[in-house]
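The values are calculated or read from the model by the stated rules, or taken from the named source; none is laboratory data. Remember, it's a predicted structure, so these values are computed and weren't measured experimentally. Note that each Cβ is placed from the backbone with ideal geometry, even for glycine, and that neighbours are counted across all protein chains shown. Remember, those area values only see protein heavy atoms, side chains included, never the ligands or the DNA or RNA. Shrake-Rupley method; radii C 1.70, N 1.55, O 1.52, S 1.80 Å.
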Amino acid sequence: MFLTIDTGTTNTRIYLVDGETVKDSIKINAGAGDTAKTGSNQILKESIQNGICRLLSDNTLKEQDICAVFASGMITSELGLCEVPHVTAPATPLCLKEHAKTVLLSDVVSIPITFIPGVKNNTDFKNLVNLNEMDMMRGEETELFGLMKLLKVKPPFTAVLPGSHTKFVAVGNEGQILSCRTTLGGELLAALSEHTILNNSLPKPLISNIVPECLNAGFEYSRAHGLSDAAFRVRLIHNFTNLTENERANFFAGAVLASDIQALGEITPETKVLVGGSDPLRGVFIHLLKTYTRCEVIAASDEAVKLSTVYGVLELFYLE
């Protein structure tokens, strides 16, 4: 039996795995963002320690029943528990395994934790000249290799992995990660809807179901007039139309994520695009890609998304 820890900007999920079966999991409202805000990783450390204790207790287990612990995501950054240098693309599962770092953090758990490195693009940073080529990721590499295994997706393809950040990952002919591109799509949705005047015009959670005509309207308006203008339209729609909260939210999501679709770059009918991440963002991206591109869209299921990090670990360390 082993544990996997997947830490993002705002949340951490810990899985208890027996063979290839997830026995249980726990979600913790703590992530790298807490370290960024406080200047200390103490909140993250204590939250993960408590989460492991609860998960084991709920399953009548002790730490000695666990043979290994694997961690990926922002937990391997300078805002996490153990910083591990990025691997430079192109990156294969073997490359990630070889550069993983195993450390004992006894104030978290008595079992050594193997920290899986992230991936950075193969380019040098030279005074903004090649800024468009610079990017990096932590956690999505493990998630991606898990999705590839679960969905049996044949490369090459492009992966869209929405969350707090949206990651676009190019996967080569041999299944290696070639490069990635990141936007702040998820954080922008949260920041604008929760910390601006739009707070009064949008529901929480943001989207209950997709309304295609409203999603498209926001997308097209933002493309034509820009995000700042489109965002304020939400307040005008609230005051002067009969659109529901969910319809306004769809317009807003389309407006914000229009730039994400633009960041994806040129898409041809021959391009395969695998969309992961959780709903409703997964559904929003699937709809926008099918509506505004001609690519082949492969949609991950809820179950595949849930198991992706676990199967990424299995692919790296256990599966032949």
Below 8 Å, C-alpha to C-alpha, sequence gap of six or more: please give me the relative contact order for the chain in percent. 16
Tell me whether the stretch 1-126 comes out rounded, prolate or oblate; compute the Cα gyration tensor, take square roots of the eigenvalues as a ≥ b ≥ c, and use a/c under 1.5 as the rounded threshold. oblate
Given a 1.4 angstrom probe, I'd like the percentage of the accessible area of the stretch 195-270 that is carbon and sulfur, rounded to a whole number. 52
I'd like to know which of 190, 308, 241 lies farthest towards the positive end of the charge dipole of the stretch 183-320, counting +1 on Cβ of Lys and Arg and -1 on Cβ of Asp and Glu. 241
Sorted by chain and then number, the residues having a modelled amide H within less than 5 Å of the amide H of residue 244, at least 5 places away or on another chain, are none
Give the shape of the stretch 64-203 as rounded, prolate or oblate, defined through the alpha-carbon gyration tensor: a ≥ b ≥ c are the square roots of its eigenvalues, a/c under 1.5 means rounded, and otherwise the shape is prolate if a/b is larger than b/c and oblate if not. oblate
Can you give the accessible area of residue 290 in Å² (nearest 10), computed on protein heavy atoms with a 1.4 Å probe? 140
Given that just one value was derived from the coordinates, which of (i) 52, 19, 16; (ii) 42, 20, 16; (iii) 34, 23, 19 is semi-axes √(5λ) of the Cα gyration tensor in Å? (iii)
Heavy-atom accessible surface of the stretch 93-146: percent carbon and sulfur, 1.4 Å: 53
Answer rounded, prolate or oblate for the stretch 120-187, using the Cα gyration tensor with square roots of eigenvalues a ≥ b ≥ c: rounded when a/c is under 1.5, else prolate when a/b is larger than b/c, else oblate. oblate
With a probe of 1.4 Å, find how much accessible area the chain has per residue, and write the answer as a whole number in Å². 47
I need the phi-derived Karplus couplings for the stretch 111-121: 6.51 cos²θ - 1.76 cosθ + 1.60, θ = phi - 60°, integer Hz, Gly and Pro marked x. 9, x, 9, 9, 9, 8, x, x, 10, 10, 5
